[in-house]
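Okay, structure first, notes after.
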Amino acid sequence: MKILIVGGGIAGFTLALLLHKKGFKPHVFEAAGEIRPLGLGINLLPHSTKVLDEIGVLPDMATQSIETKEASFYNRFGQHIYSEPLGLAAGYEQPQLSIHRADIQQPLIDAFLARAGADHFHLGHRCTSVEQDEDSATVHFENQETGAQLPSWTGDAVISTEGIHSAIRRQFHPEEGDPVYSGVNMWRGVVVCKPFLSGATMTRVGWLSTGKMVIYPVRDNVDGKGSQLINWVAELETPDYKDKRDWNKPGRLEDFIGHFDDMAFNWLDIPDMIRRTESIFEFPMVDQDPLDRWTEGLVTLMGDAAHPMYPRGSNGAGQAIMDAKYLAEVLNLDSDPREVLKAYEVERLPATSKVVLTNRSTPPDAVLQVVFERTGDKPFDNIEDVVSRDELVAITSRYKQVAGYDLKQLKG
Ligand SMILES: Cc1cc2nc3c(=O)[nH]c(=O)nc-3n(C[C@H](O)[C@H](O)[C@H](O)COP(=O)(O)OP(=O)(O)OC[C@H]3O[C@@H](n4cnc5c(N)ncnc54)[C@H](O)[C@@H]3O)c2cc1C
């Protein structure tokens, strides 16, 4: 069975490697003419690192990343609200990794090229549309740089892993329109700093209305003197944002720094960290309402193409990987692809829709919202007077269940 995977990101290559392991010879088509180390930090939760381990790429990723040990939450005055262990430290069999997106993508590509051969990876192929008949589906391509039409490819099934700007999703759901702005804009960067807190802490500070930070290290000892590459995201409720959703769009310090200038704490000087960042990027927080269907006959959607979500639960890459895992489990060389793609949708569409909706309402950073609202955005004397530890545990535990990485679920 010939599987065509459109989009050479995390979903695309995870699926390609899983299918290759089962004897398929999939082809991957990527719009970009060359692979560049694009993007910044991402967290890979234990459910997804388990899959990456199964395809043999986890060791490479683990050496390039930080094994996340805890999540810590602070208000904008630097007061500690709550911490909980993560990954191995929380008893999982697989680690949680804080990692640069490029350090996920490159090992996936290297493994695929080594196993499947360069003739199965097609750079510079931007999908423009897909058509199908009873027995096959044909993908049409153009050259990303020149717009010149390229030869079309026909296969037994087509999986769109094109990310948030999927041409195939747009073709199947023309009424839908562009991803919708959440009201929160994000500025992001990476910068070399001395380790802070445990040196492996995913840290969230403040709240969206007045300015929230997410900060975690993604590479260790980058200067031979023990410094780390720190990934940060500043998030702010604002009607002002650049309409173009481009991961590489430069951002301007003066547009947001005023909201973070007071966050100079004894455990990390946040404004200094931001000011020392050479390249700042801006990206509006967007998602789409869950679709009622992903699959049309021999073609389906996966990853961000299927379920773009707010990055408030470290789940964009993880859910993409879980999609790939499920489809690869149910697809066999002698399967009827129509049936299998539908079965994949029946399993993964409701599961990921819950994550999309929970990321809007009560992702883990709801811990910060509760404290912000109950204190009226003032410092507190004793956190237990504001919110009990049990209540905070309940927020993060519920999210783990929704997103499929609850400890008991994974071990069972
Ligand atoms: C350049 C870039 C930078 C990113 N940076 C971050 C980041 O810093 N932090 C973060 O949390 N998430 C980032 N993301 C998103 C994150 O990678 C995804 O949320 C997650 O990994 C899900 O992966 P995916 O494979 O579904 O989509 P993606 O990782 O977005 O991969 C989609 C792939 O499809 C390709 N593509 C798009 N359109 C077409 C087309 N028409 N034809 C062929 N190929 C196409 C894209 O070039 C890309 O390689 C980034 C994505 C990209 C593309």
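The values are calculated or read from the model by the stated rules, or taken from the named source; none is laboratory data. Fair warning: this is a prediction, and the values are worked out from it, not measured in the lab. Cβ: placed from backbone, ideal geometry, glycine included. Neighbour counts: every protein chain shown. Areas reflect the complete protein model, heavy atoms only, side chains present, ligands, DNA and RNA absent. Shrake-Rupley method; radii C 1.70, N 1.55, O 1.52, S 1.80 Å.
Could you please let me know if Glu145 is without any contact (Cβ under 8 Å) to a residue 60 or more places away in the chain and over 23 Å from Gly87 (Cα atoms)?
No, not satisfied.
Acidic (Asp, Glu), more than 8 Å from the ligand (Cβ to nearest atom) and open to solvent by 10 Å² or more (accessible area, probe 1.4 Å): is that true of Glu30 in this structure?
Taking the combined requirement at face value, the residue does not satisfy it.
Only one residue in Ala111, Ala89, Ala102 is in a helix (DSSP H, G or I) and more than 16 Å from the ligand (Cβ to nearest atom), so which one is that?
Testing whether each residue is in a helix (DSSP H, G or I) and more than 16 Å from the ligand (Cβ to nearest atom) leaves just Ala89.
Restricting region 1-16 to residues that are away from the ligand (no atom under 13 Å from the Cβ) and not charged (D, E, K, R), which is nearest to Ser129 (Cα to Cα)?
Ile3
Could you check how many residues of region 37-53 are touching a residue at least 60 places away in the same chain (Cβ under 8 Å) and farther than 25 Å from Glu278 by Cα?
Qualifying residue count, region 37-53: 8.
Exactly one condition in (1) more than 14 Å from the ligand (Cβ to nearest atom); (2) modelled with pLDDT of 95 or more; (3) hydroxyl-bearing (Ser, Thr, Tyr) is false for Thr146; which is it?
(2)
Between a first residue in region 54-66 that is touching a residue at least 40 places away in the same chain (Cβ under 8 Å) and a second residue that is in a loop (DSSP other than H, G, I, E, B) and not aromatic (Phe, Trp, Tyr), which pairs have beta carbons less than 8 Å apart while being 6 or more apart in sequence or on different chains?
Within 8 Å, the pairs are Ile66/Gly199; Ile66/Ala200; Ile66/Asp220.
With respect to the numbered conditions (1) among the hydrophobic types (A, V, I, L, M, F, W, C); (2) away from the ligand (no atom under 14 Å from the Cβ); (3) within 30 Å of Thr277 (Cβ to Cβ), which one is the sole condition not fulfilled by Ala157?
(3)
How many of the residues in region 163-188 are among the charged types (D, E, K, R) and more than 28 Å from Ile280 (Cα to Cα)?
Residues in region 163-188 being among the charged types (D, E, K, R) and more than 28 Å from Ile280 (Cα to Cα): 4 in total.
Is there a residue in region 189-203 that is within 12 Å of the ligand (Cβ to nearest atom) and not polar (S, T, N, Q)?
Checked region 189-203: at least one residue is within 12 Å of the ligand (Cβ to nearest atom) and not polar (S, T, N, Q).
(1) more than 30 Å from Val387 (Cβ to Cβ); (2) outside any helix (DSSP H, G or I); (3) within 18 Å of the chain's Cα centre (by Cα): which one isn't true of Pro364, the others all being true?
Pro364 satisfies all of (1) more than 30 Å from Val387 (Cβ to Cβ); (2) outside any helix (DSSP H, G or I); (3) within 18 Å of the chain's Cα centre (by Cα) except (1).
Please determine, by comparing only the residues of region 93-135 that are β-branched (Val, Ile, Thr) and closer than 19 Å to Gly39 by Cα, which one is farthest from the chain's Cα centre (by Cα).
Ile109
Go through Gly91, Gly155, Gly87 for me and flag whichever is closer than 30 Å to Arg389 by Cα, open to solvent by less than 10 Å² (accessible area, probe 1.4 Å) and in contact (Cβ under 8 Å) with a residue 24 or more places away in the chain.
One residue alone meets the criteria, Gly87.
Quick check on region 297-336: of everything there that is open to solvent by less than 10 Å² (accessible area, probe 1.4 Å) and under 21 Å from Asn185 (Cβ atoms), which residue is modelled with the highest pLDDT?
So the residue we want is Pro308.
Restricting the search to region 33-56, which residues are open to solvent by 10 Å² or more (accessible area, probe 1.4 Å), within 30 Å of Met202 (Cβ to Cβ), within 14 Å of the ligand (Cβ to nearest atom) and assigned to a loop (DSSP other than H, G, I, E, B)?
Passing the criteria: Ile35, Arg36, Pro37, Leu38, Gly39, Leu40.
Kindly provide the set of residues from region 270-283 that are outside any loop (DSSP other than H, G, I, E, B), away from the ligand (no atom under 13 Å from the Cβ) and surrounded by fewer than 24 Cβ atoms within 10 Å (Cβ to Cβ), ordered by number.
Pro271, Asp272, Met273, Ile274, Arg275
Going residue by residue through region 170-184, is there one that turns out to be open to solvent by 10 Å² or more (accessible area, probe 1.4 Å), within 11 Å of the ligand (Cβ to nearest atom), closer than 30 Å to Glu339 by Cβ and touching a residue at least 40 places away in the same chain (Cβ under 8 Å)?
Yes; the residues of region 170-184 include at least one that is open to solvent by 10 Å² or more (accessible area, probe 1.4 Å), within 11 Å of the ligand (Cβ to nearest atom), closer than 30 Å to Glu339 by Cβ and touching a residue at least 40 places away in the same chain (Cβ under 8 Å).
For region 114-140, which residues satisfy the criterion of being closer than 18 Å to Lys21 by Cα and more than 16 Å from the ligand (Cβ to nearest atom)?
Within region 114-140, Ala114, Arg115, Ala116, Gly117, Ala118, Asp119 meet the criteria.
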